[in-house]
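Asker: Sharing a structure with you now.
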Amino acid sequence: MGIEAVGGKYRCNVCGNEVVVTKVGGGTLVCCGQNMEKIG
């Protein structure tokens, strides 16, 4: 899953860490060795 837009929210299903995108740069968000899930 690539990063789609500024303001997107993502969560780690392993540890519960959440991030909000402030700059789109491509690639994927990874935490605890797994891709993060888009929320909201």
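Asker: Regarding the chain, what's the average projected area of the Cα-atom convex hull, expressed in nm²?
Answerer: Mean shadow area of the hull around the Cα atoms is 2.5 nm².
Asker: Follow-up question, since we're still on this one. Enter the accessible area per residue of the chain (Å², integer; probe 1.4 Å; all protein chains in place).
Answerer: 70 Å²
The values are calculated or read from the model by the stated rules, or taken from the named source; none is laboratory data. Please read all numbers here as calculations on a predicted model, not as lab measurements. Please note that ligands, DNA and RNA were not included when accessible areas were found on the heavy atoms of the full protein model with its side chains. Shrake-Rupley method; radii C 1.70, N 1.55, O 1.52, S 1.80 Å.
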